[in-house]
1. Kindly provide the set of residues from the stretch 270-291 that are hydrophobic (A, V, I, L, M, F, W, C) and within 16 Å of the ligand (Cβ to nearest atom), ordered by number.
2. If Arg53 satisfies every condition in (1) exposed (fewer than 15 other Cβ atoms within 10 Å of the Cβ); (2) touching a residue at least 12 places away in the same chain (Cβ under 8 Å) but one, which is the exception?
3. Residues that are within 13 Å of the ligand (Cβ to nearest atom) and over 15 Å from the mean Cα position of the chain (by Cα): list the strands (runs of 3 or more DSSP E) wholly contained in the stretch 126-220 that include at least 2 such residues.
4. Can you report the number of residues in the stretch 23-48 which are within 22 Å of Thr118 (Cβ to Cβ), buried (at least 21 other Cβ atoms within 10 Å of the Cβ) and out of contact with any strand residue (DSSP E or B) (no Cβ under 6 Å at 6 or more places or on another chain)?
5. Only one of (1) within 26 Å of Phe114 (Cα to Cα); (2) modelled with pLDDT of 95 or more; (3) in contact with a Leu (Cβ under 7 Å, 6 or more places away or on another chain) fails for Pro326. Which number is that?
6. Give me a count of the residues in the stretch 83-125 that are more than 16 Å from the chain's Cα centre (by Cα) and within 16 Å of the ligand (Cβ to nearest atom).
7. Filter the stretch 249-268 for residues that are farther than 17 Å from Gly301 by Cα and among the charged types (D, E, K, R); which is farthest from the ligand (Cβ to nearest atom)?
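The values are calculated or read from the model by the stated rules, or taken from the named source; none is laboratory data. Remember, predicted model here, so these are calculated numbers, not experimental data. Please note: Cβ atoms are built from the backbone with ideal geometry, for glycine as well, and neighbour counts cover all protein chains shown.
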Amino acid sequence: MHGQKRIMVTGGTGFLGSFLCERLLREGNDVLAVDNYYTGSRDNVLHLLDDPRFEILRHDITFPLYVEVDEIYNLACPASPVHYQIDPVQTVKTNVHGAINMLGLAKRTKAKIFQASTSEVYGDPVVHPQPEEYRGSVNPIGPRACYDEGKRCAETLFFDYHRQYGVEIRVARIFNTYGPRMQTNDGRVVSNFIVQALRNEPITIFGNGTQTRSFCYVDDLIEGFIRLMAAPAGVTGPINLGNPGEFQVRELAEMVIEMTGSKSSIVYKPLPIDDPTQRKPDISRAKQDLGWQPTVNLREGLDKTIAYFEWKLSGRARSVSGVRSPETAYTPQPAPAVGLPVQQAVSIGP
Ligand code: UDP
């Protein structure tokens, strides 16, 4: 138990945000999830709503926000290429205006602030695996630039607020992450392949499937977030968080077909513009500074994720130990010892 901080999570009802809120509540904190529900969903946090220390605020971080908090995790931004490319200008605003607003809030409240940055800052990397020193190879005018350059500019803002105003920052570069609670229409490769396999629909490989990614299970990633936020003040990042196991996309397709026992065929579709050909984190810095490395291998993580999507698509969950459905993942804790119990709080009129 670390306990009893007021922590805000932007993107708090999204895939990663919901797991983070759950973890922070479990550690005894007051948690404010801020979300505009663009890709987040109340369904992801329904099981947290009975906890009196949990609150959701519908808000778009491209507008300023005035709340009192001790820590901020800035996760808000659609992360799947299909979603962030629907409204690229809004994606840039979420990353840039959103970062300015959240950093301004951190500056005023003296809150420590965490930025969910991304391996996309490395673009289509020519250095492999990618260490944090690598400055990347991003096309600044391509269809992925709204996300890649938006996240790069957010990193710039974080380090400028740190140098100029002394804001305490933590910047994590997140590599591909998967797990339960991804949306069926998320569009990213792991959820797409699992959903297609479970429906016995063709598995869509973009390009020839030899491009590589490194897939991190959500629980491992959240552990990395918590360790980075708790790290000594000098540890600002940027710090890579991801699983260094590297797989070709077609290997992933074969694994999912085998694990689901699917009758799906494989179809090949054009490779999206600027799709990175290889990606694998160098996690030496996370190991050294945080004592962190992933513990869940791809097969184990896929097993839990497949069980989740089986449950989601059919209403029946396989009995795989450790599988999280929104209904079973979390038991609300008793009301906190300090502050008003929720019943009293709502009965107070103006
Ligand atoms: N991909 C694929 N089929 C899909 C979705 C994605 O082959 O149905 C490929 C995509 O082209 C990319 C890789 O899988 O090479 C990872 O894509 P994702 O959208 O999950 O993440 P990102 O490209 O941001 O790493």
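1. If the condition is that a residue be hydrophobic (A, V, I, L, M, F, W, C) and within 16 Å of the ligand (Cβ to nearest atom), then Leu271, Ile273 are the ones that fit.
2. (1)
3. Filter on the stretch 126-220 gives 203-206, 212-214.
4. Adding up the residues that qualify gives 4.
5. (2)
6. Number of matching residues: 7.
7. My answer is Lys263.
Residue-by-condition table, conditions (1) surrounded by fewer than 17 Cβ atoms within 10 Å (Cβ to Cβ); (2) under 19 Å from Thr62 (Cβ atoms); (3) modelled with pLDDT under 95:
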{"position": "Gln115", "(1), (2), (3)": "no, yes, no"}
{"position": "Thr118", "(1), (2), (3)": "no, yes, no"}
{"position": "Val121", "(1), (2), (3)": "no, no, no"}
{"position": "His128", "(1), (2), (3)": "yes, no, no"}
{"position": "Glu133", "(1), (2), (3)": "yes, no, no"}
{"position": "Val138", "(1), (2), (3)": "no, no, no"}
{"position": "Lys151", "(1), (2), (3)": "no, yes, no"}
{"position": "Thr156", "(1), (2), (3)": "yes, yes, no"}
